[in-house]
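Each reported figure results from applying straightforward, stated rules to the coordinates on display, with no laboratory input. Since this is a predicted model, take the numbers as computed values, not measurements. Cβ atoms come from the backbone with ideal geometry, glycine included; neighbour counts cover every protein chain shown.
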Amino acid sequence: MKNSHDGNNRAKQNRRMSLGVDRRTVIRRGGGALAAAALASTFPSPRIRAAQPVKIGYVSPQTGPLAPFAEADDFIIGGVRELFKKQSRPIEIIVKDSQTNSNRASEVAADLILKDKVSLMLVGAAPETNNPVADQCELNEVPCVSTVSPWQSWFIPRGGKPDKPFKWTYHYFWGLEDAIGILLDMWPQIQTNRVVGAAFANDPDGNAWGNDVFGLPPALIKAKYKLIHPPHFQTLTDNFTSQISAFKEADCEIITGNMIPPDFTTFWTQAYQQGLKPKIVTITKALLFPASVESVGDTANNLSCEVWWTPHFPYKSSLTGQSAAQLGAAYTQATKKQWTQPIGFVHSLFEVAADVIKRSADPRDPAANLAAVIKTNLQTIVGPIAWGKGPVKNVVKTPLVSGQWRRTPNGPFKYELLVVANGLAPQIPLDGKFEVLTYKS
Amino acid sequence: MYWINTIIQGALVGGLYALFATGLSLMFGVMRIINLAHGDFIVLSAYLAVVVINCIGVNPLVALAVVVPLMFGVGYLLQRGLLNFTMGSDILPPLLVTFGLSVVIQNVLLELFSADSRRLQLPWLETASVRIGDQLAIGLMPTSVFVVAVIVIGGIEFMLYRTDLGRAFRATSDDPDTARLYGVNNRNIYALATAIALAVVSIAGVLFGIRTIFDPTIGPARLLYAFEVVIIGGLGSLWGTLAGGIILGVAQAIGAAFDPSWDTLAGHVVFLVVLLFRPRGLFPKTFDP
């Protein structure tokens, strides 16, 4: 490395010599240029400065297994860019693909901070992308606003402690305690034998859910449910016979779990084949997206899951004034696809960003933006966001309810997600009643 | 009864694994090419079936009539137009090229079909089963997959050991130079081997797509099991591949019966044990000098 530098310098020198300029002249001229540059930076022209755009970084998994989380990106960001064009101060959104890979997420976040010099970072798609991006922001002192992962999986793996919170990174979403809460809120609506079979994947989410200290098991025992909890399975497994046998043996009328869509489809198909007929099936994560529910097929009717946003939420955008329903309809009109839960949250990230830039003393200065982030008090399309009231300093919670996928014979899409229990967030209206699963003879 | 059920379900999954592995086994057996894009070709054929179903509105099994010849053609052109140029004494170029293909296929599928997961719908067959007693129920779909695996493997075995083409395959596999002296066109033989391999892959892909859901990135996970099945069964023997599939499926099922987290582990352990004591697999048939 050093050698090549020396070589370069020598080559440059030779070139200068051949032009008939000696070393001293070069130094004198170089010094003059430096002084001029210093002058320019000490007295910047205010007009030029005002025209410089504010840069926002946005990292999302556009490719890879978590790509469904980023599916609405083009739609949302396209709309937001149009809006930002009308602002007096240009705002530039720089989007990078994390490829659902933590290392890559970390790399592109570092690029955004160090090369593109963004003064605010946004990220909202599961821990694999959120956490490395937030870590880079904490390290390089740029404020980062994140969402779409239970707050524990954002706070705890990154080494956050209630008495030692983060300085630069802020998060809004619900937590594991809410997800457990909605199950206990929904299940008593149907008469069962209160025997629950739980199938969790052996991955960070599944292990958090199945944790014997803070997960689902202690909460269920406290609520007087009997729990059948086989050890956690490897993701992308092809055979769930062992779990299905255990659930059948114990006569589980409620089945729950946290798994990815392919695993759930394998599990549910095999459960049907092997004659497991529970009254309630509530699976988190696997049933988030209409596409994966639709691909489960005819047996998906009345499966239930967690709901963090639907177009029926009673909120509106602070950026466009659109209601949740209007945003959902605009998405379907633009893409011909059914709405998904991340749409509202991706939109809300840009609401927060616009609000922060509006209130920031100097939107190009990360520290000023951080001060504005901390003081956020905004009514967004996913609910109110104001840090300070959350479970820890850097986290504020958004409402969580439970929903059921109902077949819509006359609807534009095969299934519609209806909110069926709202005990934890009564401000969210109910769309229907919680129904028992039915089987053909 | 519990154990009978466990073993039967495991063996049925093994049929699917064997079907996954057959194409890999054939390509590896004839050309010593490890096709790292094998899993992605499985997913690609499932997506081709999606297109066929959307275009002419048939059920997935009928779509096979279009997808299989199509993938046969893709295989032939792939080998003639690309992989033949990578073959030689060095095993690295085909590995790198197929690895690249894997990335390309995934991203092209993502671009064309988005990240949404899909499934080939076959409503009745998907969940139908025959119940034998309280603890034992055999799904029709897994059984059909198993039967298809046996038929496909039987057919290829017949081709390999009873036809001239099969003799050319085996000769080229054992000694390509001598085979050429006897008038065998190696390039054409290789292309036909890949074509047949991908035709089998397309059957596996469509059945896989009926069984569970798939998305553009799910392919590589399928490659590992297929690879293990080939090694357990032994090179060049397709009945060995079927046995390897069943062994892997049953091992996983028994592991999972003790503890669901041992599912994959039990399969890997069996694979390692075979590799330790029978490095050429249980029923090897090819000759490696």
Open item on the list: Among B:135-148, A:402-415, how do they line up by average Cβ neighbours within 10 Å per residue, starting with the highest?
Closed with: B:135-148, A:402-415
- [ ] Note the angle between two axes, namely the Cα long axis of helix A:2-18 and the longest principal axis of the Cα atoms of chain A, as a number of degrees from 0 to 90, rounded to the nearest 10.
- [x] 40 degrees
Task: Sequence-distant lysines (8 or more away, or on other chains) whose Cα lies within less than 18 Å of A:K433 - done: A:K279
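Express in % the proportion of alpha carbon pairs of segment A:231-336 at distances exceeding 24 Å. Walk me through the intermediate numbers first.
Details: 2007 of 5565 pairs.
For segment A:231-336, the share of Cα pairs beyond 24 Å comes to 36 percent.
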Task: Potential extension, B:V62-B:D174 segment - 0.36 nm per residue separation minus Cα distance - done: 36.6 nm
Task: Free-standing Cys, the protein assembly as shown [no other Cys Cβ under 4.7 Å] - done: A:C252, A:C305, B:C55
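For the ranges A:109-115, A:81-87, B:1-7, what's the packing order if you count other beta-carbon atoms within 10 Å of each residue, average per peptide, and put the highest first? Intermediate results must be reported in sequence, preceding the final value.
Details: A:109-115: 18.4, A:81-87: 12.4, B:1-7: 15.6.
Ranking, from highest mean packing down: A:109-115, B:1-7, A:81-87.
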Open item on the list: At R0 = 25 Å, how high is the FRET efficiency between A:I374 and A:K337 if r is their beta carbon distance? Nearest 0.05 is fine.
Closed with: 0.10
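Report, in order of residue number, the helices in chain B meeting two criteria: a C-alpha extent of 18 Å or more along the helix axis, and a mean Kyte-Doolittle hydropathy of at least -0.5; treat each whole DSSP H run as one helix.
Numbers: long enough: B:2-31 (43 Å, 1.37); B:38-56 (27 Å, 1.79); B:60-81 (30 Å, 1.57); B:92-113 (31 Å, 1.72); B:140-162 (32 Å, 1.74); B:186-211 (37 Å, 1.38); B:219-233 (22 Å, 1.31); B:238-258 (30 Å, 1.61); B:263-277 (22 Å, 2.11).
Once both thresholds are applied, what remains is B:2-31, B:38-56, B:60-81, B:92-113, B:140-162, B:186-211, B:219-233, B:238-258, B:263-277.
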Open item on the list: P(r) for the protein assembly as shown, please, calculated from all Cα pair distances in 10 Å bins and given in %.
Closed with: 3, 13, 21, 21, 18, 13, 7, 4, 1, 0
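In this model, which of A:K164/A:K224; A:K96/A:K414; A:K117/A:K397; A:K358/A:K389; A:K115/A:K389 are farther than 25 Å apart at the alpha-carbon? Could you put the intermediate results ahead of the total?
On the way: A:K164/A:K224 36 Å; A:K96/A:K414 33 Å; A:K117/A:K397 30 Å; A:K358/A:K389 23 Å; A:K115/A:K389 35 Å.
Where the Cα-Cα span goes over 25 Å, the pairs concerned are A:K164/A:K224; A:K96/A:K414; A:K117/A:K397; A:K115/A:K389.
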Open item on the list: Looking at segment A:186-233, I'd like the Rg to Rh ratio, where Rg is from alpha-carbon atoms and Rh is Kirkwood's inverse mean 1/r.
Closed with: 0.99
- [ ] Compute the relative contact order of chain A as a whole-number percentage, counting only Cα pairs closer than 8 Å that sit 6 or more residues apart in sequence.
- [x] 14 percent
Task: Cut-off 16 Å (backbone N to label point 7 Å along Cα→Cβ of B:E157), residues of segment B:228-245 - done: B:230, B:233-245
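Roughly what % of DSSP beta bridges within the protein assembly as shown run antiparallel, to the nearest 5? Don't skip to the end; give the middle numbers.
Details: 20 of 55 bridges.
Close to 35 percent.
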- [ ] Within 10 Å of each residue's Cβ, count the other Cβ atoms and sort A:K167, A:K161 from fewest upward.
- [x] A:K161, A:K167
TODO: Rounded to the nearest 10 degrees, what's the angle between the helix A:102-114 long axis and the longest principal axis of chain A, both from Cα atoms, 0 to 90?
DONE: 40 degrees
Open item on the list: At 222 nm, what value in deg cm²/dmol follows for the protein assembly as shown if DSSP H runs of at least 4 each add -39500 (n - 2.57) and the sum is divided by all its residues, to the nearest 500?
Closed with: -17500 deg cm²/dmol
